[in-house]
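Please read the structure below before turning to the comments.
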Amino acid sequence: MEDRILEFIKGLRGRGVSVSTAESIDALGAVAAVGLDDPGLFKAALKAATVKRNRDVPIFEELFPLYFYGLESGQETDKLDDDLLARLEERLSQMAQGGEMDSMLPMVLSGQAGEWESFIRMAAGEVGTAQLATRMQVGMYTRRIFDTFDWENMERVLHDLIEQLREEGWSEEELQRVEEAFAANREALRKQVRRYVEREQARNADKVPNVERIERLMNRPLAGLDEYELQQMRKVVDILARKLRNKINLREKKLKRGKLDVKATLRRNMQHGGVPFELKLKHKRMEKAELMVLCDISSSVARVSQFMLQFVYTIQDCLAKVRSFVFVDDLGEVTDFFRDEDIQKGIRRALSEADISYNARSDFGEVFQLFCDQYLQDVGFRTYILVIGDARNNYNDPGLRALERIRDRAKGIIWLNPETKPFWDTGDSVMGDYLPYLKEARVCRTLKDLEDTVSSLLL
């Protein structure tokens, strides 16, 4: 159990929870003091020793069942009363001596979930979990491991046992309880196998090199991410943003240093016979772009908008100015949400506290008109307008005149659409109507698409 606790602490650290060496020792001492008889007390002692911040509690709750699944599984099993269990175990022992018994059947009938782990580990060894890397594989590996148990043979032996017990005078109520316990504990075992697989997947994921993990996440559709992948993706966005910021800073240094002006250098050194004793450099001024981001926050588009806001505000020091808006059928500015808050809190506020109706139906034409009426005077010749939306306008006026006015003032309008091009102009989509007014239109379904778009603006 000490090894398991140390593995658990390592898992917490891998997810960003700070657990010192002294706290690890305290955790081992606390667990030794309370023991394993009461799973709730064990969990509380471990949490008290390892978790110091409220924000780390969800991580603890997520990882605990993956590392200590046997403790909680005992609450899911169907245990027979002591007298009935003792008589059944005696009969099972007799059958085992006759060589008729599957070694797993007594474990299932007894409901002793803590004793199942060794069987699950052996089954996992037969299946092999080294290639278990993504959460999409959890169901498949759970089924493979669960099916290694010879359920057909166990059911046959149980049926024969029931018939023998009936002949020996056991009551129908007792026989029914035995059958109910087998069915309930079989399902409890399946759940425990799944928790084992989830834990192995989490451990394997930590072993995957960061480059491979980032590459895999960058090409995952944002709309299909689960909660764990969302947490990982937020970290990846920060990593990519830092890399992009470093590229921009390096480019600025090169521009400040200047580039060799060959013609001017030759003219300056004519007096030296053309030998370039004095170099002449030409300098190019790098102007930072201004950015106005208009984010559709309806349906799956909200996920893309969420990561774009995080990306933009992580690199905002590389831009002259950033202003952000969210919309459905109304437009609300959320720039101030990021001024005094951390990025994640600002995003949560933008997706819930803007002065708009979040449950309305999309109306792009109305949004563009509102933008013209309220904010067009703030658009300058260095301002890019970045629109994130699926262009599904619910058969409303597309607002082409308003979009034309925005185009005429801005440096360019770039549109990111989370739908693939075959779906543009189908149903209520008016993407084709907007294309003539856009500097660029891209499909944007993954983090790689977001990175490419921001890089093209800044590099």
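The values are calculated or read from the model by the stated rules, or taken from the named source; none is laboratory data. Quantities reported herein were computed from a predicted structural model and do not represent experimental measurements. Reconstructed Cβ throughout: ideal geometry from the backbone, glycine too, with neighbour counts over all protein chains shown.
Here are the numbers for this structure:
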| read-out | value |
| --- | --- |
| Some residue of the range 176-190 being in contact with a Phe, Trp or Tyr (Cβ under 7 Å, 6 or more places away or on another chain), in a helix (DSSP H, G or I) and in contact (Cβ under 8 Å) with a residue 40 or more places away in the chain | yes |
| Top-ranked residue of the range 201-234 - restricted to ones that are under 18 Å from M140 (Cβ atoms) and within 8 Å of the chain's Cα centre (by Cα), ranked as modelled with the highest pLDDT | E229 |
| Restricting the range 425-459 to residues that are of a type in the set (S, T, N, Q) and over 21 Å from the mean Cα position of the chain (by Cα), the residue that is nearest to Y395 (Cα to Cα) | S429 |
| The range 132-152 - residue that is farther than 22 Å from P65 by Cα and not aromatic (F, W, Y) and, of those, surrounded by the fewest Cβ atoms within 10 Å (Cβ to Cβ) | E152 |
| Any hit, the range 153-173, residues being free of Cβ contacts under 8 Å to residues at least 60 places away in the same chain, outside any helix (DSSP H, G or I) and more than 18 Å from D82 (Cβ to Cβ) | yes |
| Any hit, the range 384-394, residues being among the aromatic types (F, W, Y), modelled with pLDDT under 95 and farther than 20 Å from R303 by Cβ | yes |
| The one condition in (1) closer than 29 Å to E229 by Cβ; (2) surrounded by 17 or more Cβ atoms within 10 Å (Cβ to Cβ); (3) touching a helix residue (DSSP H, G or I) at 6+ places or on another chain (Cβ under 9 Å) that S299 fails to fulfil | (2) |
| Residues within the range 403-412 that are in contact with a helix residue (DSSP H, G or I) (Cβ under 8 Å, 6 or more places away or on another chain) and surrounded by fewer than 22 Cβ atoms within 10 Å (Cβ to Cβ), tallied | 4 |
| Residue count for the range 122-152, restricted to those that are without any contact (Cβ under 8 Å) to a residue 12 or more places away in the chain and over 25 Å from G224 (Cβ atoms) | 5 |
| Filter pass, M122 being surrounded by fewer than 14 Cβ atoms within 10 Å (Cβ to Cβ), in the same structural domain as E200 (by TED's automatic domain parsing), among the hydrophobic types (A, V, I, L, M, F, W, C) and in a helix (DSSP H, G or I) | yes |
| G128, sole failed condition from (1) at pLDDT below 85; (2) crowded, with 18+ Cβ neighbours inside 10 Å; (3) under 22 Å from M104 (Cβ atoms); (4) not β-branched (V, I, T) | (2) |
| Positions within the range 289-320 being under 13 Å from A350 (Cβ atoms) and either of a type in the set (A, V, I, L, M, F, W, C) or in a strand (DSSP E or B) (or both), in sequence order | V293, L294, C295, D296, I297, A302, F307, M308, L309, V312 |
| Selection count where residues are assigned to a helix (DSSP H, G or I) and surrounded by fewer than 17 Cβ atoms within 10 Å (Cβ to Cβ), scope the range 438-456 | 4 |
| Matching residues, the range 427-437, being surrounded by fewer than 17 Cβ atoms within 10 Å (Cβ to Cβ), part of a loop (DSSP other than H, G, I, E, B) and hydrophobic (A, V, I, L, M, F, W, C) | none |
| Residue within the range 415-426 that is assigned to a strand (DSSP E or B) and either among the hydrophobic types (A, V, I, L, M, F, W, C) or at pLDDT 95 or above (or both) present | yes |
| Helices (runs of 4 or more DSSP H) contained entirely in the range 65-117, each with at least 2 residues that are in contact with a Pro (Cβ under 7 Å, 6 or more places away or on another chain) and either surrounded by fewer than 14 Cβ atoms within 10 Å (Cβ to Cβ) or at pLDDT below 70 (or both) | 69-73 |
| Some residue of the range 21-36 being part of a loop (DSSP other than H, G, I, E, B) and at pLDDT 85 or above | no |
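Condition check ((1) over 15 Å from the mean Cα position of the chain (by Cα); (2) modelled with pLDDT of 85 or more) across all residues:
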position: L161; (1), (2): yes, yes
position: F182; (1), (2): yes, yes
position: V237; (1), (2): no, no
position: L240; (1), (2): yes, no
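Yes or no, residue by residue, for (1) among the polar types (S, T, N, Q); (2) surrounded by fewer than 21 Cβ atoms within 10 Å (Cβ to Cβ); (3) touching a Lys or Arg at 6+ places or on another chain (Cβ under 7 Å); (4) touching a residue at least 12 places away in the same chain (Cβ under 8 Å):
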residue: F311; (1), (2), (3), (4): no, no, no, yes
residue: L319; (1), (2), (3), (4): no, yes, yes, yes
residue: S324; (1), (2), (3), (4): yes, no, no, yes
residue: F327; (1), (2), (3), (4): no, no, no, yes
residue: T335; (1), (2), (3), (4): yes, yes, yes, yes
residue: F371; (1), (2), (3), (4): no, no, no, yes
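Listed here are the residues, each with its yes/no results for (1) buried (at least 20 other Cβ atoms within 10 Å of the Cβ); (2) closer than 15 Å to D330 by Cα; (3) of a type in the set (A, V, I, L, M); (4) in contact with a strand residue (DSSP E or B) (Cβ under 9 Å, 6 or more places away or on another chain).
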{"position": "V367", "(1), (2), (3), (4)": "yes, yes, yes, yes"}
{"position": "Q377", "(1), (2), (3), (4)": "no, no, no, no"}
{"position": "G380", "(1), (2), (3), (4)": "no, no, no, yes"}
{"position": "D390", "(1), (2), (3), (4)": "yes, no, no, yes"}
{"position": "N394", "(1), (2), (3), (4)": "no, yes, no, no"}
